[in-house]
Each structure stands twice: as structure tokens, then as C-alpha cells.
Ligand SMILES: Nc1ncnc2c1ncn2[C@@H]1O[C@H](COP(=O)(O)OP(=O)(O)OP(=O)(O)O)[C@@H](O)[C@H]1O
């Protein structure tokens with residue numbers, strides 16, 4: 001099952017003009033980015049009454065039709081930022097704009113596939129729309145094709161691997177014509193084969209006609225090579241935001257414990 005949200009606010013003037021220009025040059029649906037946050041901060045007050053800033057002045061922009069990675073050490077605020085973008089948490093300060101319907105896919109695939117078969121699970125979210133049987137069948141079939149699972153439609157969900165369940169969850173979002181995928185550490189517990197299945201499924205979605213944008217939280221730095229762009233965070237702040245090769249260079253030059261730990 002997926003959490004889907006609609007657009008959260010009106011679009012802003014371009015935050016990163018070069019990225020906006022590149023996006024519109026490849027024929028995106030609109031000139032405004034798919035995902036944008038402006039000076040977003042998020043704080044909580046813990047049970048002892050202590051004020052804890054978690055996100056500090058975060059500004060990001062992800063164009064339509066692109067896959068971006070969100071990187072950073074444990075506890076730097078990646079999942080919190082994703083939840084703010086999904087509308088699951090309200091920012092304490094700043095603004096968020098998500099252009100089109102948005103789906104959040106969680107790390108644990110067992111938390112989001114709920115129906116007995118693949119086909120039934122992908123169709124599950126369509127129940128809230130007034131669609132004909134043919135339209136449901138066609139959407140489910142196209143979504144399963146996009147994630148490379150067309151041959152699995154009748155398979156019982158419990159016979160799938162973790163990566164295949166992730167792909168079914170992504171197909172559910174696509175069937176609902178989702179424009180933005182927010183993906184939280186999908187491949188952490190997957191073996192290399194399953195990891196590549198999920199990477200290819202997401203790449204296929206962003207390259208497809210729907211102009212879907214994906215923002216993917218990962219600790220697997222080798223996944224950067226599949227991304228158009230990346231955002232690296234530390235202690236609640238955005239340290240760098242740009243094309244994937246510039247961010248990869250920044251991380252290599254930085255030689256931080258984070259990079260050494262992940263053997264990048
Ligand atoms: N409800 C909460 N109460 C207290 N602290 C919180 C709460 N939510 C998040 N935090 C803290 O905020 C910080 C950021 O958490 P978040 O889960 O966003 O980090 P992350 O970068 O996704 O970490 P990881 O890579 O380990 O998943 C952490 O120190 C976390 O303990």
C-alpha cells in the first residue's frame with residue numbers, strides 16, 4: 001500500500017535556474033520542478049521539553065523525468081526531508097511544492113504490498129477512482145510492464161523476493177498516474193540481483209512517457225551512477241545539490257568517514 005499525496009503548494013520562481021532550463025529543454029510537462037523545497041526547517045520538542053532542530057534551511061529542486069539520489073550519514077535527516085516532501089510532516093518553516101500526485105515507497109516491502117496477488121495489489125489503489133474494468137486492466141498491465149513484472153501478474157505476493165515486492169509497490173504508484181516517487185532506502189536489504197531489478201524499474205519509470213520524477217534515499221553510493229542528480233546532507237543541512245558527477249566528485253574529494261565507511 002502506498003501513501004499518495006496531491007500537490008502541496010503553488011510553484012515558486014526557479015530556485016536553480018540551470019536545472020530548470022535543462023528540464024524544460026528535454027520537454028518536461030511544465031517549467032516548474034517536480035519536487036521543490038524552499039528554506040525548509042523542521043524541529044521537534046522532545047519529551048523533556050528540549051528543542052531539536054532536525055532539518056535546517058533545506059532548499060532542493062528535482063526536475064520532471066529525472067532520478068535523484070538523497071545521500072548522507074545516518075541521522076542527517078534524509079527520511080525526515082522525504083516525509084516533509086510527501087506531506088506526512090509539516091515543515092516548521094519554509095515551503096514545499098510537489099508538482100502532481102506523489103507516492104512514498106518505504107524500505108520494508110512487506111509494509112506496502114497487501115493483496116494476495118500481484119495484479120490485485122497493483123489494482124488496489126485504483127478502487128477509489130471511477131474506472132471501467134478495461135481501464136483498470138490496462139493501467140495494471142502498463143504499470144507492471146514499466147517495472148519489468150509483466151509476467152508476474154497472477155503470482156501470489158508471498159512468493160516474491162523483496163525487490164520484486166518493491167517493484168510491485170512502484171507499479172501501484174504508476175497505475176495511479178503518480179508523477180513523483182519518493183523512495184526511502186529501497187535497496188538496503190536487497191541482494192545485488194534484486195537491487196538491479198529495482199534500479200532498472202525506477203530508471204524505466206523516469207524515462208517513460210509519464211515524466212515521473214524520483215527522489216531516492218540511499219546509502220549505496222554506487223547507485224549514484226544511475227542518477228541524474230544528487231543531494232548530500234549532513235546534520236540537517238544540504239551540503240551539495242547538483243548533477244550526479246559533481247556530487248560524486250565532492251564526496252570523493254571530501255574523504256569523510258561517511259565515504260570511507262561505504263568504500264565509494
Ligand atoms: N520523532 C522524533 N523524535 C526524536 N528525534 C527524531 C524524531 N524524528 C527524527 N528524529 C531524529 O532526527 C534525526 C534525523 O532522522 P532521520 O530518520 O530523518 O535521519 P536519516 O538521515 O534518514 O537516518 P538513517 O540514514 O539512519 O535512516 C535523527 O537524529 C533522529 O533520531
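The values are calculated or read from the model by the stated rules, or taken from the named source; none is laboratory data. None of these values were measured; they are calculated from a predicted model. Neighbour counts run over all protein chains shown; Cβ positions are idealised from the backbone, glycine included.
At a glance:
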| read-out | value |
| --- | --- |
| Some residue of the range 247-261 being within 14 Å of the chain's Cα centre (by Cα), at pLDDT below 90 and at negative phi | no |
| The one condition in (1) buried (at least 21 other Cβ atoms within 10 Å of the Cβ); (2) closer than 20 Å to residue 211 by Cβ; (3) free of Cβ contacts under 8 Å to residues at least 60 places away in the same chain that residue 170 fails to fulfil | (3) |
| Qualifying positions in the range 161-203 - outside any helix (DSSP H, G or I) and closer than 23 Å to residue 137 by Cα | 176, 177, 178, 179, 180, 181 |
| Flag for residue 148 being assigned to a helix (DSSP H, G or I) and within 14 Å of residue 201 (Cα to Cα) | no |
| Single residue of the range 212-223 satisfying the filter (away from the ligand (no atom under 16 Å from the Cβ) and at pLDDT 90 or above) that is surrounded by the fewest Cβ atoms within 10 Å (Cβ to Cβ) | 214 |
| Meets criteria (away from the ligand (no atom under 13 Å from the Cβ), closer than 25 Å to residue 220 by Cβ, surrounded by 14 or more Cβ atoms within 10 Å (Cβ to Cβ) and at pLDDT below 55) for residue 35 | no |
| Search result, residues across the range 108-124 that are modelled with pLDDT of 90 or more and in a helix (DSSP H, G or I) | 118, 119, 120, 121, 122, 123, 124 |
| Cβ-Cβ under 7 Å pairs, at least 6 apart or on other chains, the range 62-85 side without any contact (Cβ under 8 Å) to a residue 12 or more places away in the chain, far side more than 9 Å from the ligand (Cβ to nearest atom) and in a helix (DSSP H, G or I) | none |
| Residue selected from the range 86-131 under the condition within 16 Å of the ligand (Cβ to nearest atom) and over 18 Å from residue 60 (Cα atoms), by the criterion surrounded by the most Cβ atoms within 10 Å (Cβ to Cβ) | 105 |
| Every residue from the range 173-195 that is farther than 19 Å from residue 230 by Cα, surrounded by fewer than 24 Cβ atoms within 10 Å (Cβ to Cβ) and free of Cβ contacts under 8 Å to residues at least 40 places away in the same chain | 190, 191, 192, 193, 194 |
| Residue in the range 216-230 that is under 16 Å from residue 112 (Cβ atoms) and either touching a residue at least 12 places away in the same chain (Cβ under 8 Å) or touching a strand residue (DSSP E or B) at 6+ places or on another chain (Cβ under 8 Å) (or both) present | yes |
| Residue tally, condition in a strand (DSSP E or B) and more than 26 Å from residue 243 (Cβ to Cβ), over the range 67-107 | 1 |
| Of all residues in the range 51-85 being within 10 Å of the ligand (Cβ to nearest atom) and more than 17 Å from residue 217 (Cα to Cα), the one that is nearest to the chain's Cα centre (by Cα) | 53 |
